Amino acid sequence: MTKKPDLLKQACEISSQCDRCGACLTVCPLFGEKDIESSSARGKNNLALGLAQGVVKPTPELLNAVNFCLLCRTCVDNCPTKVQTDEAMIAVRQHLTDEIGGVSFKHKALGKLMKSRPLVKMSAAALGVMRGLGVNKLMPCGLVPDEFTRKQYAAAFAGPAALGTPSGESSVAVTEKSRVAYFNGCGMRMMFPDAAEKSRQLLRKASATASREVDNVCCGLMHIAHGLREDFFELAKENIRLFEEVDIVVTDCASCSSTLKHTAAYFRGDSEWEGRAAAFSKKIMDITEYLVKAGYKPEQKREVTLTFHEPCHLGRGQGLRTQSRELLRAAGNYVEMKGADTCCGGAGSFHLDYPEISDGMLEKKRQNIEKTGAQVVVSECPACLTQMSKAAERSGGKFKVMHISQVL
């Protein structure tokens with residue numbers, strides 16, 4: 001069994017590598033919105049070191065300060081010494097949760113919901129009914145966005161209208177004999193079921209063998225990010241068991257694929273689960289990664305202009321930056337957006353926890369989308385799609401939003 005880790009020691013080992021150069025200040029989206037030191041990676045690393053040295057006390061205020069982080073890894077990408085501040089913040093969050101409690105009622109409720117298969121299915125059904133009745137318009141924060149129907153899809157092409165070091169590509173080869181299974185993330189299941197169905201159709205087209213349906217549980221990202229570590233391990237073990245008989249696990253949620261690829265790291269030293277977790281993480285693929293490996297060629301629709309918002313968990317989380325763009329260039333008239341990889345402010349539940357900061361980040365993203373002249377902005381993360389939907393509404397219909405599976 002795995003020994004309980006010394007999370008504060010882990011965080012201190014990471015944060016002590018920060019040389020306080022300030023390179024993170026110019027790129028951190030949160031520092032750009034809230035110009036105080038604790039918003040930046042440098043400030044957060046100082047807080048972690050202060051906590052380890054006893055200079056900073058474990059208080060709810062400190063937990064709030066370390067929770068004020070997107071875990072987007074922009075700081076890591078631009079840090080001269082590549083200090084893994086996101087990993088340090090996840091460790092500090094869990095340490096503080098263990099020491100003083102502090103998991104909010106909201107995160108506990110969300111964690112309980114996403115841990116339960118029946119509750120996720122019931123929620124997906126309820127949200128589907130709300131969309132059908134049109135009452136989703138009454139919900140705050142775009143929590144129940146309109147599904148992108150086939151009719152909207154056709155119209156769009158008719159004319160103008162935390163986590164760790166990048167996992168990298170899967171080393172598993174795609175062959176005619178590969179046993180492929182689809183991982184249905186909670187966000188896709190509940191908020192974007194039509195896009196999830198398009199993903200299944202793509203897998204059936206691209207796979208030599210039929211794609212398998214597995215009734216998986218949550219990837220556990222929300223749990224590990226908000227101090228619910230034991231729930232994360234329970235979910236991870238269940239998913240490892242469920243997918244042991246397949247060769248490749250494909251998901252259309254960048255947050256899920258990043259989390260699942262990093263699952264193995266949490267089981268190091270566990271005599272029972274280390275090998276099984278490593279085998280599981282090795283066979284995880286983002287859907288664009290899989291389609292490129294499988295040689296899938298999308299139908300060309302040159303009359304539409306597309307741009308891409310790159311989810312943090314796709315580019316910085318997995319190092320997958322070319323696959324989505326390669327497929328979109330083949331599908332339509334692709335235009336690269338300025339700041340395509342800049343966080344949109346969704347970041348899981350961040351847009352609910354800090355709506356004003358999130359809205360400021362989203363406004364910059366909306367302006368960048370409009371400058372491309374694109375009719376459709378594409379992404380592949382439920383939180384990002386929710387944010388992009390809000391941006392589209394604020395644009396007055398200047399662009400539409402689609403999951404990449406709906407375009408391909």
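Quick rundown of the values:
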| quantity | calculated |
| --- | --- |
| One residue from VAL27, VAL56 being in contact with a Cys (Cβ under 7 Å, 6 or more places away or on another chain) and among the β-branched types (Val, Ile, Thr) | VAL27 |
| Some residue of the stretch 284-307 being open to solvent by less than 10 Å² (accessible area, probe 1.4 Å), assigned to a loop (DSSP other than H, G, I, E, B) and more than 20 Å from ARG200 (Cα to Cα) | yes |
| LEU328 in a helix (DSSP H, G or I), open to solvent by less than 30 Å² (accessible area, probe 1.4 Å) and out of contact with any helix residue (DSSP H, G or I) (no Cβ under 6 Å at 6 or more places or on another chain) | yes |
| Residues (part of a helix (DSSP H, G or I) and either among the hydroxyl-bearing types (Ser, Thr, Tyr) or within 17 Å of the chain's Cα centre (by Cα) (or both)) located in the stretch 335-364 | PHE350, HIS351, LEU352, ASP353, SER358, MET361, LEU362 |
| Qualifying helices (runs of 4 or more DSSP H) (wholly inside the stretch 173-258; at least 3 residues being over 20 Å from ALA277 (Cβ atoms)) | 186-191, 193-206 |
| Pair list, Cβ under 8 Å, 6 or more apart: the stretch 386-406 residue charged (D, E, K, R), other residue open to solvent by less than 10 Å² (accessible area, probe 1.4 Å) | LYS390/LEU362; LYS400/ALA156; LYS400/VAL376; LYS400/VAL377 |
| Within the stretch 67-103, tally of residues that are touching a Ser or Thr at 6+ places or on another chain (Cβ under 9 Å), within 14 Å of CYS12 (Cα to Cα) and open to solvent by less than 40 Å² (accessible area, probe 1.4 Å) | 6 |
| Residues of the stretch 248-273 satisfying the condition of being open to solvent by less than 50 Å² (accessible area, probe 1.4 Å), among the charged types (D, E, K, R) and more than 30 Å from GLY346 (Cβ to Cβ) | ASP270 |
| Residues of the stretch 33-61 that turn out to be in a loop (DSSP other than H, G, I, E, B) and open to solvent by 10 Å² or more (accessible area, probe 1.4 Å), as a count | 10 |
| Candidates PHE183, PHE157, filtered to the one that is of a type in the set (A, V, I, L, M, F, W, C) and at pLDDT below 80 | PHE157 |
| Test for GLN367: is it surrounded by fewer than 17 Cβ atoms within 10 Å (Cβ to Cβ) and either closer than 21 Å to TYR334 by Cβ or under 20 Å from the mean Cα position of the chain (by Cα) (or both) | yes |
| Matching residues in the stretch 326-368 - criterion: being aliphatic (A, V, I, L, M) and under 13 Å from LEU70 (Cα atoms) | ALA347, LEU352, ILE357, MET361 |
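The values are calculated or read from the model by the stated rules, or taken from the named source; none is laboratory data. Because the structure is a prediction, the values reported are computed rather than measured. Neighbour counts run over all protein chains shown; Cβ positions are idealised from the backbone, glycine included. Accessible surface is based on the protein model in full, side chains and every heavy atom, while ligands, DNA and RNA are left aside. Shrake-Rupley method; radii C 1.70, N 1.55, O 1.52, S 1.80 Å.
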